[in-house]
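Student: Here you go, one structure.
Rule-based calculations on the coordinates, nothing more; no lab input. Because the structure is predicted, anything quoted here is derived from the model rather than measured. For neighbour counting, all protein chains shown are included, and Cβ atoms are generated from backbone atoms with ideal geometry for every residue, glycine included.
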Amino acid sequence: MRVSVIGCGHLGAPHAAALAELGHDVIGVELNPETVKKLQSGRSHFYEKGLDELLDRHVPAGRLRFTSSLSEAAEFADLHFVAVGTPLRADGRGYDVGQVVGAVRALAPLLRRPATIVGKSTVTVGTVARLQEIITEHAGSDGVDLVWNPEFLREGHAVEDSLYPDRIVVGLTSSAAEENVREVYAPILARGDAELIVTDPATAEVLKSAANAFLSTKISYINAMAEVCEITGADVATVAHGIGIDPRIGHGGMRPGIGYGGGCLPKDVAAFTHRVGEIGATGAADLLKAVEKVNHARMDAAHDLVERAYGGPLDTATIAVLGASFKAGTSDVRNSPALRLAGLLHSSAARTVIHDPESVAAARHLHPEYSYAEDIRTALDGADIVVLATEWPEFTKDTALPTTAARVVRRRVLVDVRTAVNTSVWTAAGWTVHQLGRPVQHPTA
């Protein structure tokens, strides 16, 4: 198929590249000319595992190209994915869907033949009905259908999740639209390992918000249990393992830490909380407010843990913070718990140095007032406390790191606020390890 992807950020660029990998001819539309130039060179403007490889494969071959011209995309493609941003509104009360509305309003008059517009952006319930009115009024041709196909991508795994999704949800109202969706996803559906859920647009909207809200609830729940364990002296890792054995619950998302972040969960929970309260579902709104409250409280809990590990106020401490992105596998620092914690430590410590394998540049752009190190050895040099704030394999899987780090730090104290390391490896190298909700692990050598 000939496909366009409107908006080439963290959602659109991986989706466009994946569609090319699936065999479609794809044009990506991005208003920023510098971003277009970068993508057209076969490289992404942000880090996402596997994305540069797909760009390098399909851009030179001509299967994938990028432009700033929406009219070019309208002329070229028969199916148009809308993947623009929907940030949380400044008042925190729902999504700002201005970019989505603007994209559809601009695209509709340019369509001179039957086409399908497929929305992938996360939107407030009711947005699809509003967009359908715009298409009905402004489309330049009859037979322009609207489908809502919410994304369930994990940053850092967006390419993999685009090519190998666990489910494909489409909200639609016409058989022609369903045929087009089945055609564009045919290579995936042919494998038989992804369920296609065909429903109405409103259900697709709610399903996406409900899924992210539940994941956030699960993360906040285990963090609440970590607080209980800190008070009682219990071990949250064992608690989480015991709970997760139940197949009705499972282990996914059951690792305590400093909470969820990034460009999706914080705004999705906030917007969904507001919307369910607005429609009168007060019980659901109260539950989701509690989820947000627990998540926000993890910053203070992590800061207190670092103080306890140091043995007092942090104004004389040198702290190495490993991790700036909101999670491993991405350069995204939006709503990053790691960076927020680094900011708290920066405000109370004599010296805080941040290192991340991929997001130092993005973090420095957002917070130039913090100190950064381009390599891990420089970050660790002379540190009194090492804080692990993002689960990069370079930090959690490298069994030589505890010994290497011990040579340059002043004190062998690790504060793992992600519960991500194998503590026995670190304690065997002489480190004391502090984790949220777990007893202190002391050196064994």
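Student: With both bridge residues required to lie in segment 4-137, what share of the DSSP beta bridges run antiparallel, to the nearest 5%?
Tutor: Here the share of antiparallel DSSP bridges comes out near 5 percent.
Student: Need one word for segment 208-294: rounded, prolate or oblate. Basis is the Cα gyration tensor (sqrt eigenvalues a ≥ b ≥ c); a/c below 1.5 gives rounded, then a/b vs b/c decides.
Tutor: It comes out prolate by the Cα gyration axes.
Student: Any aspartates and glutamates with Cα under 14 Å of the Lys293 Cα? List them, leaving off those in the same chain fewer than 8 positions away.
Tutor: Of all the aspartates and glutamates, those that pass the test against Lys293 - Cα under 14 Å, at least 8 places apart if same chain - are Glu227.
Student: Sticking with this structure for a sec: So what is the 222 nm mean residue ellipticity for the chain from helices alone, if each DSSP H run of at least 4 adds -39500 (n - 2.57) and you divide by all residues, rounding to the nearest 500 deg cm²/dmol?
Tutor: Roughly -13500 deg cm²/dmol at 222 nm, from the helical runs in the chain.
Student: Moving on. Test of understanding: express the Cα radius of gyration of the chain as a ratio to 2.2 N^0.38 Å, with N the residue count.
Tutor: Values: Rg = 23.4 Å, N = 445, 2.2 N^0.38 = 22.3 Å.
Here the answer is 1.05, to two decimals.
Student: Give the order of Thr86, Thr352, Thr403 when sorted by the count of other beta carbons within 10 angstrom, beginning with the fewest.
Tutor: Exposure proxy ranking, most exposed first: Thr403, Thr86, Thr352.
Student: Let me ask something additional. Using modelled backbone amide H atoms (1.01 Å from N, in-plane), which distant-in-sequence or interchain residues come within less than 5 Å of His80's amide H?
Tutor: Here Ser4, Thr116, Ile117, Val118 satisfy the definition.
Student: What is the antiparallel percent of DSSP beta bridges lying wholly in the chain, to the nearest 5?
Tutor: 10 percent
Student: Decide, for segment 88-181, between rounded, prolate and oblate: order the square roots of the alpha carbon gyration tensor eigenvalues as a ≥ b ≥ c, take rounded if a/c falls under 1.5, and otherwise choose prolate if a/b is larger than b/c, else oblate.
Tutor: Oblate shape, in that a/c is at least 1.5 and b/c is the bigger or equal ratio.
Student: Can you bin segment 298-435 into rounded, prolate or oblate? Criterion: square roots of the alpha carbon gyration tensor eigenvalues sorted a ≥ b ≥ c, rounded for a/c under 1.5, prolate for a/b above b/c, oblate for the rest.
Tutor: The shape class here is rounded.
Student: Fewest first, what order do Phe326, Phe214 take by the number of other Cβ atoms within 10 Å?
Tutor: Listing Phe326, Phe214 from fewest to most nearby Cβ atoms yields Phe214, Phe326.
Student: Rounded to whole Hz and in sequence order, give me ³J(HN,Hα) for segment 39-51 from the Karplus expression 6.51 cos²θ - 1.76 cosθ + 1.60, θ = phi - 60°, writing x for Gly and Pro.
Tutor: Karplus values, whole Hz, x for Gly and Pro: 5, 5, 7, x, 9, 8, 8, 8, 8, 8, 3, x, 5.
Student: Using θ = phi - 60° and the Karplus curve 6.51 cos²θ - 1.76 cosθ + 1.60, what whole-Hz ³J(HN,Hα) does each residue of segment 193-208 get, with Gly and Pro shown as x?
Tutor: In residue order, the calculated couplings are 10, 10, 7, 8, 9, 9, 8, 8, x, 5, 5, 4, 4, 5, 4, 5 Hz.
Student: Cα centroids of segment 93-110 and segment 226-242: how far apart, whole angstrom?
Tutor: Between the Cα centre of segment 93-110 and that of segment 226-242, the gap is 46 Å.
Student: May I ask for the longest run of the chain untouched by GluC sites (Glu not before Pro) that are loop-located per DSSP and have at most 13 neighbouring C-beta atoms (other than their own) within 10 Å?
Tutor: 1-368
Student: Residue separation times 0.36 nm, minus the C-alpha to C-alpha distance between Ser348 and Ser424: what's the value?
Tutor: Using 0.36 nm per residue and subtracting the Cα-Cα distance, I get 24.3 nm.
Student: Distance in nm between label sites at Asp235 and Gln40, each 7 Å beyond Cα in the beta-carbon direction?
Tutor: In this crude spin-label approximation the distance works out to 5.8 nm.
Student: How do Phe46, Phe395 rank when sorted from fewest to most other Cβ atoms within 10 Å of their own Cβ?
Tutor: Fewest-to-most Cβ neighbours within 10 Å comes out as Phe46, Phe395.
Student: Another question about this same structure. Among the lysines, which fall within straight-line cross-link reach of Lys289, defined as a Cα-Cα distance under 20 Å, with same-chain neighbours fewer than 8 residues apart omitted?
Tutor: Cα-Cα hits under 20 Å: Lys208, Lys218, Lys267.
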